[in-house]
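Student: I have a structure I would like to understand better, so I am pasting it below and will then ask my questions one at a time.
The values are calculated or read from the model by the stated rules, or taken from the named source; none is laboratory data. Quick caveat: nothing in here was measured; it's all calculated off a predicted structure. So basically every Cβ, Gly included, is an ideal-geometry build from the backbone, and we count neighbours across all protein chains shown. SASA here: full protein model, heavy atoms, side chains in, ligands and nucleic acids out. Shrake-Rupley method; radii C 1.70, N 1.55, O 1.52, S 1.80 Å.
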Amino acid sequence: MASAPSSAPGTRRRMPTAIKILVAGGFGAGKTTLVGTVSETKPLRTEEVLTDRGIGVDHLDGVEAKRTTTVAMDFGRITFGDEFVLYLFGTPGQERFWFMWDEVALGALGAVVLADTRRLADCFPAIDYFERRGTPFIVAVNCFEGAQRYDVHDVRQALQIPGEIPVVLCDARSKESSKEVLITLVQHAMRQRAAR
């Protein structure tokens with residue numbers, strides 16, 4: 001059976017540029033949801049059911065209905081034509097899994113720090129981590145149903161985020177909202193690279 005070549009003779013197909021993005025934040029902030037919402041493929045998830053072994057370790061204040069947790073990472077992918085592939089890595093939120101962050105963060109263009117206003121202090125470790133590493137990041141406030149809404153300015157002040165770092169509101173369940181978060185991060189990271 002005859003078949004046609006995949007590309008014209010003498011030409012090489014160029015591999016798309018890989019862009020690695022991290023999605024970090026506190027336990028239950030919506031990282032797994034955001035990665036799953038925008039991924040074009042079924043996302044890889046390393047979720048496990050919360051058990052009684054987490055009592056006293058996993059604090060469920062504000063997220064009492066949470067039944068699972070990410071123990072390694074979430075992984076998703078978005079392809080932009082033939083030129084770019086965006087790889088999303090969701091980090092685990094609990095302190096006992098933070099040892100994974102150094103490995104997952106290698107080679108990242110930037111990070112989204114997902115914040116939950118019901119547990120705002122939970123995103124401080126991620127902010128501190130990316131500030132120490134010099135990794136460009138933005139803060140995306142996941143607007144949960146039933147949670148009090150705050151103005152971006154108030155969140156920026158509460159987290160002591162400098163004015164040049166974007167702080168945006170989002171709904172991690174919405175594909176459009178999540179895509180806007182990623183676009184904001186890529187634009188911010190590119191501006192920071194150009195300024196160096």
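Student: Filter region 101-152 for residues that are touching a helix residue (DSSP H, G or I) at 6+ places or on another chain (Cβ under 8 Å) and basic (K, R) and give the result.
Tutor: R133, R149
Student: Output the residues belonging to region 125-142 that are open to solvent by 10 Å² or more (accessible area, probe 1.4 Å) and assigned to a helix (DSSP H, G or I).
Tutor: P125, D128, Y129, E131, R132, R133
Student: Before we move on, is A147 in contact (Cβ under 8 Å) with a residue 24 or more places away in the chain, closer than 20 Å to F27 by Cα, in contact with a Lys or Arg (Cβ under 8 Å, 6 or more places away or on another chain) and small (G, A, S)?
Tutor: When the stated conditions are applied, A147 passes them.
Student: With F89, F75, F80 as the choices, which residue is modelled with pLDDT under 85, more than 13 Å from Y129 (Cβ to Cβ) and open to solvent by less than 80 Å² (accessible area, probe 1.4 Å)?
Tutor: It is F75.
Student: If we scan region 147-166, do we find a residue that is in a loop (DSSP other than H, G, I, E, B), open to solvent by less than 50 Å² (accessible area, probe 1.4 Å) and charged (D, E, K, R)?
Tutor: No, there is no match, as no residue in region 147-166 is in a loop (DSSP other than H, G, I, E, B), open to solvent by less than 50 Å² (accessible area, probe 1.4 Å) and charged (D, E, K, R).
Student: Go through region 110-140 and give me each residue that's over 12 Å from the mean Cα position of the chain (by Cα) and among the aliphatic types (A, V, I, L, M).
Tutor: Answer for region 110-140, where residues must be over 12 Å from the mean Cα position of the chain (by Cα) and among the aliphatic types (A, V, I, L, M): L120, A121, I127.
Student: A further question follows. Taking region 170-187 on its own, how many of its residues are crowded, with 17+ Cβ neighbours inside 10 Å and in contact (Cβ under 8 Å) with a residue 24 or more places away in the chain?
Tutor: Of the residues in region 170-187, 9 are crowded, with 17+ Cβ neighbours inside 10 Å and in contact (Cβ under 8 Å) with a residue 24 or more places away in the chain.
Student: Quick check on region 103-118. Is at least one of its residues exposed (fewer than 14 other Cβ atoms within 10 Å of the Cβ) and in contact (Cβ under 8 Å) with a residue 24 or more places away in the chain?
Tutor: Checked region 103-118: at least one residue is exposed (fewer than 14 other Cβ atoms within 10 Å of the Cβ) and in contact (Cβ under 8 Å) with a residue 24 or more places away in the chain.
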